[in-house]
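*Asks:* Dumping the structure here so I can ask a few things about it.
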């Protein structure tokens, strides 16, 4: 049996060396993120998926040893981007190690975006680290000693003029230049012909009736998610889509037993347009839809297992 143990040890060593070399290349920088990693949408971070199962603390230690951290996420663009690159459950850099429901990122940035599974993070003692469920893409609070893949981030070096130090080294330090974009101003592509777009998203009505969960899976297969609505312009356009096809359609909202709405894409609930007497506080989780009743297409909530048409929101980015 000893030869097998030696082989396994050697394989683990090779894998560790490969991972460390990739992370080192990210830390050293260059004009763009190195092969095997990818840039965040604002171009300010390089992200690297590490296909090695380990604990939260060990993952953070590996990322930190090369000047990085476990990844923090601040918008649904990066959330979707990372999910596309990982095939197993994985750690992000969120934790609540003080057990006071005050979640923090290991890089010290503000915890201003979340994509929790229904009901929010677990309040069980010991469920203190942020694990992403690959099957659903939703965030979960899990014990920090769980073994999982992880995603590291390193900040792209800012470009500032500098002289080589004295004595002059063999090469001057390289400088990474982040793209000249800011959060919420990502490079947008043209809206597809005949489609309705708003805020960098195409809103697409799908006529084939599906349950809410199956509808969401279909939207994600298109590279998007179920639609969330944040202003009356999108709400009115949604109603016009439905009016021309004479059916109600699922949105990307879920309503809990207290009648409180949340958008499944993690965006804030900053606009609502319910029909009179809605939302109804049922005992079980229900899902939001745009209904044709009335003049403006108000929202209703009903059993998520009902089959309806649905609206997907798909990011429109330049290629």
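*Asks:* Could you go through segment 281-293 and let me know if any residue there is out of contact with any strand residue (DSSP E or B) (no Cβ under 8 Å at 6 or more places or on another chain), exposed (fewer than 13 other Cβ atoms within 10 Å of the Cβ) and modelled with pLDDT of 90 or more.
*Replies:* Within segment 281-293, not a single residue is out of contact with any strand residue (DSSP E or B) (no Cβ under 8 Å at 6 or more places or on another chain), exposed (fewer than 13 other Cβ atoms within 10 Å of the Cβ) and modelled with pLDDT of 90 or more.
*Asks:* Just to verify a result, which residue in segment 65-80, among those that are modelled with pLDDT under 90 and in contact with a helix residue (DSSP H, G or I) (Cβ under 7 Å, 6 or more places away or on another chain), is farthest from residue 44 (Cα to Cα)? Step through it out loud before you land on a result.
*Replies:* Going residue by residue through segment 65-80, those that are modelled with pLDDT under 90 are 65-67, 75-80.
Filter once more, keeping what is in contact with a helix residue (DSSP H, G or I) (Cβ under 7 Å, 6 or more places away or on another chain): 66-67.
Values: 66: 17, 67: 15 Å.
The extreme case among them is 66.
*Asks:* A further question follows. Mind listing whichever residues of segment 193-229 are more than 17 Å from the chain's Cα centre (by Cα), surrounded by 17 or more Cβ atoms within 10 Å (Cβ to Cβ) and part of a loop (DSSP other than H, G, I, E, B)?
*Replies:* Once the filter is applied, which keeps residues that are more than 17 Å from the chain's Cα centre (by Cα), surrounded by 17 or more Cβ atoms within 10 Å (Cβ to Cβ) and part of a loop (DSSP other than H, G, I, E, B), segment 193-229 yields 211, 229.
*Asks:* Would you mind telling me which numbered condition in (1) in contact (Cβ under 8 Å) with a residue 12 or more places away in the chain; (2) in contact with a helix residue (DSSP H, G or I) (Cβ under 9 Å, 6 or more places away or on another chain) residue 35 fails?
*Replies:* The one condition residue 35 does not meet is (1).
*Asks:* Taking segment 98-136 only, how many residues are in a loop (DSSP other than H, G, I, E, B), touching a helix residue (DSSP H, G or I) at 6+ places or on another chain (Cβ under 8 Å) and crowded, with 20+ Cβ neighbours inside 10 Å?
*Replies:* From segment 98-136, those in a loop (DSSP other than H, G, I, E, B) are 98-103, 106-115, 117-128, 133-136; that's our starting set.
Then drop every residue that is not touching a helix residue (DSSP H, G or I) at 6+ places or on another chain (Cβ under 8 Å), which leaves 106, 113, 115, 134.
Next, from what is left, pick out any that are crowded, with 20+ Cβ neighbours inside 10 Å: 106, 115.
Total meeting the criteria: 2.
*Asks:* Considering only residues that are part of a loop (DSSP other than H, G, I, E, B) and in contact with a strand residue (DSSP E or B) (Cβ under 8 Å, 6 or more places away or on another chain), look in segment 294-304 and name the one that is modelled with the highest pLDDT. Please lay out each step first, then the result.
*Replies:* Start the filter on segment 294-304 by keeping residues that are part of a loop (DSSP other than H, G, I, E, B), which leaves 294-298, 304.
Among the residues that remain, those that are also in contact with a strand residue (DSSP E or B) (Cβ under 8 Å, 6 or more places away or on another chain) are: 297-298, 304.
Details: 297: 64, 298: 87, 304: 91.
My answer is 304.
The values are calculated or read from the model by the stated rules, or taken from the named source; none is laboratory data. All figures in this text were calculated on a predicted structure; none of them were measured in a lab. Every residue, glycine among them, receives a Cβ derived from its backbone with ideal geometry; neighbour counts consider all protein chains shown.
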